Structure formats: C-alpha cells, structure tokens
Amino acid sequence: MAILRAKDIMKMSEKEIEEKIKDLKMELVKNRVAASKGGKLKIKEIKKTIARLYTISRLKQTFLNKKVWTKNTFSEKR
C-alpha cells in the first residue's frame, strides 16, 4: 500500500475515499494477523492513512456547506 498524501486525497471523490477506507481497514486486519505471527509491521502507516482519509473527507463535507471546494484551496461562495 502506497502512502496517500493529502493532495492526492483531495482529488478523490467521496465514494473513492469510502472505498479506500474499506480497503485499508481490511489490510489493517490482515497486517494485525501477520504481526501476531511475526510478520512485518505496517500497522502504524495504515492507521495514519485511514485517519488522513477521514480528516480530509470531513473537511470536504464541512466546507462544501459553507464554501466552494476547489483543487487545493477553499474560496467563498459569491
């Protein structure tokens, strides 16, 4: 799983974000099982990415009600 940066997440639609969260949660479960068997740990990275997805999704929802969401900035409705 590649690390998702904020600028990449901002370009995603809400549906894409939700699906990515589902995929990451499944991957997290698999990694926890692998870690219990002595596998490589990626748990911290996956948890941070899930949190980043939730945060940006929430920002989009909040600012869409009050402002217009553009590529990387927020601008007031006129």
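The values are calculated or read from the model by the stated rules, or taken from the named source; none is laboratory data. The structure presented is a predicted model; accordingly, all values stated were derived computationally and were not measured. Note: ideal-geometry Cβ built from the backbone for every residue, glycine included; neighbour counts use all protein chains shown.
Things to note:
- For region 1-22, residues that are hydroxyl-bearing (Ser, Thr, Tyr) and surrounded by 10 or more Cβ atoms within 10 Å (Cβ to Cβ) total 0.
- Test: residue in region 36-43 that is at pLDDT 65 or above, within 16 Å of the chain's Cα centre (by Cα) and over 20 Å from residue 10 (Cβ atoms): yes
- Scanning region 1-51 for residues that are touching a residue at least 60 places away in the same chain (Cβ under 8 Å) and in a helix (DSSP H, G or I), we see that the one that is farthest from residue 64 (Cα to Cα) is 7.
- Residues of region 13-46 classified as of a type in the set (A, V, I, L, M, F, W, C) and in contact with a helix residue (DSSP H, G or I) (Cβ under 7 Å, 6 or more places away or on another chain), total: 8
- Residue within region 52-66 that is modelled with pLDDT under 75, in a helix (DSSP H, G or I), loosely packed, with under 12 Cβ neighbours inside 10 Å and not hydrophobic (A, V, I, L, M, F, W, C) present: yes
- Qualifying residues in region 1-30 (those that are over 15 Å from residue 44 (Cα atoms) and of a type in the set (Gly, Ala, Ser)) - the one modelled with the highest pLDDT: 13
- Count - residues of region 23-35 that are surrounded by 15 or more Cβ atoms within 10 Å (Cβ to Cβ) and closer than 16 Å to residue 9 by Cα: 1
- Scanning region 11-35 for residues that are within 17 Å of residue 58 (Cβ to Cβ) and not charged (D, E, K, R) yields a total of 5.
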